[in-house]
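Quick notes on the structure that follows.
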Amino acid sequence: MTRMNETRVRGLSREATVPISPGGKSGVARGIGASPAGTEKHRSPDLAVSFLAAVVCLLLGSASAQTGTKAANPKSESISLDSPRTVLERYCELDGDGKQLTADGWQEMAGFLLRPEPPNFKLIVVVKDFVVSDPIIEGDKAKFYVEYLYLGELYPRLGYTDPHIIKDSPETVRGPIKVRVQYTLVRNVQESTWRIEESQFAPHITVEAAVRYVTELKNKTADATVRRNAERTIASLAHQR
């Protein structure tokens, strides 16, 4: 995922800024609509949901085997870097590539977090590009925001919503929307490391990662509705490349 420079961000013809809440709990950009009609009503079990559940079970089992009660404390190349901005940029790059969506990838991503938790995502955010702000340093904490070009939201049954219509908005929004996610990094003085203080956020992945993820789940499920959702989602994502 490409980092945007400030000139490119300001050059968008139509912009809206919407903060996003942590995805481990809700993961929804405020003001952004719920799942599209016809894609989330069917509740029968399917392999798409089972696949996500299997990832959670695998992670929990791995954590239990290593510690007995607490989640594992995975190591990551990022935590040894001396710049909090560099750490956050690396986290966003890996997140954009879809690392949070696999068991091995999540173990790598968890190394960036002060208090990693097993993934429990209600949705996945599809984005294009990001830029990390300058930090506000307060003692052993560094506060940032990461600004993304928001493209849409992907749901467990592979339905997809793009931002052309925002719920409760008086007007239609065209094109990508600029959104900001707040991050606080905490320094461990003894280890000379920086980790992200917040609980886990919803994955913010690129279009390419989203297509790869949806295609994999589509090929694993026999649920006709999920397969139709996946085909429509892949077609929508193709127009956003």
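The values are calculated or read from the model by the stated rules, or taken from the named source; none is laboratory data. Because the structure is predicted, anything quoted here is derived from the model rather than measured. For neighbour counting, all protein chains shown are included, and Cβ atoms are generated from backbone atoms with ideal geometry for every residue, glycine included.
So is Leu158 on the phi > 0 side of the Ramachandran plot, modelled with pLDDT of 95 or more and of a type in the set (A, V, I, L, M, F, W, C) or not? Taking the combined requirement at face value, the residue satisfies it.
Just one of the listed residues (Tyr145, Tyr150) is at pLDDT 95 or above and among the hydroxyl-bearing types (Ser, Thr, Tyr), and it is Tyr145.
Quick check on my filter: what residues within segment 191-237 are among the aliphatic types (A, V, I, L, M) and farther than 17 Å from Tyr155 by Cα? Across segment 191-237, the qualifying residues are Ile196, Ala222.
Only residues that are closer than 14 Å to Tyr91 by Cβ and not in a strand (DSSP E or B) were counted across segment 109-132, and they come to 6.
I'd like to know if segment 174-184 contains one or more residues that are farther than 29 Å from Thr86 by Cβ and at pLDDT below 95. Within segment 174-184, one or more residues are farther than 29 Å from Thr86 by Cβ and at pLDDT below 95. Filtered by the rule that a residue be touching a Lys or Arg at 6+ places or on another chain (Cβ under 9 Å) and surrounded by fewer than 17 Cβ atoms within 10 Å (Cβ to Cβ), segment 199-218 gives Ser199, Glu208.
Kindly evaluate Leu123 against the criterion of being within 18 Å of Leu151 (Cα to Cα) and touching a Phe, Trp or Tyr at 6+ places or on another chain (Cβ under 8 Å). Outline the logic, then answer.
Numbers: within 18 Å of Leu151 (Cα to Cα): yes; touching a Phe, Trp or Tyr at 6+ places or on another chain (Cβ under 8 Å): yes.
Judged against the criteria, Leu123 is a match.
Of the listed requirements (1) in contact (Cβ under 8 Å) with a residue 12 or more places away in the chain; (2) of a type in the set (D, E, K, R); (3) over 16 Å from Lys128 (Cβ atoms), Arg228 misses just one: (1).
The residue that is modelled with the highest pLDDT, counting only those in segment 71-93 that are farther than 19 Å from Thr184 by Cβ and in contact with a helix residue (DSSP H, G or I) (Cβ under 7 Å, 6 or more places away or on another chain), is Pro74.
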